[in-house]
Each structure stands twice: as structure tokens, then as C-alpha cells.
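First comes the structure, then the notes that go with it.
The values are calculated or read from the model by the stated rules, or taken from the named source; none is laboratory data. The structure displayed is predicted, hence computed values, not measured ones. Here the Cβ positions follow ideal geometry from the backbone for every residue, glycine too, while neighbour counts run over all protein chains shown. Surface accessibility is based on the protein's heavy atoms, side chains included, excluding ligands, DNA and RNA. Shrake-Rupley method; radii C 1.70, N 1.55, O 1.52, S 1.80 Å.
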Amino acid sequence: MKTIGLLGGMSWESTAEYYRLLNELTRERLGGLHSAKCVLYSVDFAEVERLQVAGDWEAAGELLAEAARSVQAAGADLLLICTNTMHKVADRVAEAVSVPLLHLADATAGAVLAAGVRRVGLLGTAFTMEQDFYRERLAGHGLEVLVPDAAGRALVHRVIYEELCVGVVREESREAYRKVIAELVAAGAEGVVLGCTEIELLVGAGDSPVPVFPTTRIHAEAAVTAAL
């Protein structure tokens with residue numbers, strides 16, 4: 001098995017899910033006591049979030065690029081950025097290393113298309129929902145991407161940063177997300193991309209009338225497949 005390099009800590013709550021999923025999926029495929037070979041670099045999310053808010057994506061990109069170089073030096077054969085939002089700087093990270101970067105949006109688009117879905121609603125941070133870097137990557141695979149209205153985007157973003165990233169899971173927030181999902185479905189979404197790695201801590205298939213695409217699990221499955 002190749003060694004999977006993880007750029008994590010954004011937030012560590014979802015990075016813990018990555019670690020769990022990578023090991024569970026490896027055990028499912030290989031059996032016995034097998035677990036994933038991986039190297040994790042976990043950043044201080046407060047530093048990253050400050051750069052996000054300031055719009056200093058150049059500095060954020062260099063921070064992750066340096067982490068990526070460390071992960072490669074530690075023996076990684078492939079690389080994951082364990083956050084949707086920071087794929088904003090995916091090109092900068094990929095340029096910093098010689099091992100392949102497994103892009104989360106590409107893996108997600110593949111799962112959506114395999115399910116026969118073409119029009120998806122996208123939930124994520126405001127950066128992911130409102131900027132082009134992620135939506136256009138999905139659109140490049142032939143998908144039509146819908147996002148919530150301004151109020152819905154603000155709610156989804158607030159819950160991610162104020163609750164899920166600090167380990168808080170509230171039933172009222174789950175219900176609020178269900179309403180946002182229902183609005184996307186009413187607007188024509190045939191599926192919903194859970195485009196923030198923390199969202200899977202709050203909602204899942206049972207919270208949506210259409211298929212959901214959990215990006216953390218999809219990314220982990222793609223990584224294990226690539227590593228094997």
C-alpha cells in the first residue's frame with residue numbers, strides 16, 4: 001500500500017473523520033489487522049481561518065505548500081488536502097510537491113456522475129459556495145451547480161465555523177440544514193454535495209429527499225483506491 005499524505009487540521013474535527021475512514025476502508029478491503037499507511041500534518045486552524053477572512057490566499061497557499069513539502073519528505077506517495085475550502089490553493093500546493101494531489105472536487109464529481117446525477121446543490125463555507133474555484137471545478141465535469149440563497153449561505157457558513165469546527169452538533173442546526181436542502185431540491189437539485197468536510201458530522205442521507213454526496217468519505221474512498 002502506498003503512503004497517503006494528509007494536510008489536516010482544518011478543522012481537526014473532520015480530519016479525525018478522515019483518519020477513521022481511511023483505516024476502516026483499508027481494513028474492509030484488505031481484511032485482518034490491516035490499516036492505512038498515512039502521514040498527517042495538522043495545521044493550526046486559527047492561523048488558516050485568519051488568512052481566509054483577510055483574503056490572503058497567497059499566504060494561505062504558502063502555508064499549506066510548506067506543509068505539503070514536509071508530508072512528502074516524510075514519505076507520502078500521494079497527497080490529500082483534508083478540506084474543501086482550502087482547495088482554493090490546490091494548484092499552489094500541487095506545485096510544491098512531486099507526488100500527485102488527489103483533488104477533492106474531482107473525486108466528488110466522479111461520484112456524482114456515477115450516480116447519474118447532473119444538477120447538484122452545494123453546501124459549504126461561504127468561500128466554497130460563493131467563489132469560483134470549487135463550483136467551476138465541478139462544472140468542468142459537466143455538472144450544474146446550485147447554491148442556497150444569501151440567507152441560506154450565511155446560515156450554513158455560520159454553523160460550520162461556530163459549531164461544527166468546535167465539535168458542537170445541535171439538533172436545531174440539523175433542522176435548519178434540512179430546510180436549506182429542501183429549498184435546493186425545490187430549485188431543481190437532483191443531489192446535494194456536502195461540500196465541507198465538517199457537514200457530515202451534522203447531516204446525512206436521512207436528512208435529504210435526494211442523494212447526498214459526503215465529500216470526506218468520497219475523498220477517503222478515492223485515496224484508498226489510489227493507494228492500493
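Numbers at a glance
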quantity: Test: Thr197 is β-branched (Val, Ile, Thr) and modelled with pLDDT under 95; calculated: yes
quantity: Pairs, first aliphatic (A, V, I, L, M) in the range 20-41, second open to solvent by 60 Å² or more (accessible area, probe 1.4 Å) and in a loop (DSSP other than H, G, I, E, B), C-beta under 9 Å, six or more apart; calculated: Leu22/Ser35; Leu30/Met1; Leu30/Leu228; Ala36/Met1; Val39/Ala74
quantity: Pro148, sole failed condition from (1) part of a helix (DSSP H, G or I); (2) without any contact (Cβ under 8 Å) to a residue 40 or more places away in the chain; (3) open to solvent by less than 50 Å² (accessible area, probe 1.4 Å); (4) closer than 24 Å to Gly116 by Cβ; calculated: (1)
quantity: Residue match in the range 186-201 (condition: in contact with a strand residue (DSSP E or B) (Cβ under 6 Å, 6 or more places away or on another chain), of a type outside the set (A, V, I, L, M, F, W, C) and open to solvent by less than 20 Å² (accessible area, probe 1.4 Å)); calculated: yes
quantity: Unique residue being without any contact (Cβ under 8 Å) to a residue 60 or more places away in the chain, closer than 24 Å to Phe133 by Cα and in a helix (DSSP H, G or I) when the list is Ala60, Ala68; calculated: Ala60
quantity: Filter result for the condition that a residue is farther than 18 Å from Leu184 by Cα and touching a helix residue (DSSP H, G or I) at 6+ places or on another chain (Cβ under 9 Å), over Leu123, Leu104, Leu113; calculated: Leu104
quantity: Residue match in the range 87-104 (condition: under 18 Å from Leu194 (Cβ atoms), of a type in the set (Ser, Thr, Tyr) and either assigned to a loop (DSSP other than H, G, I, E, B) or under 17 Å from the mean Cα position of the chain (by Cα) (or both)); calculated: no
quantity: Lone unmet requirement of (1) touching a strand residue (DSSP E or B) at 6+ places or on another chain (Cβ under 6 Å); (2) under 18 Å from Thr215 (Cα atoms) for Val89; calculated: (1)
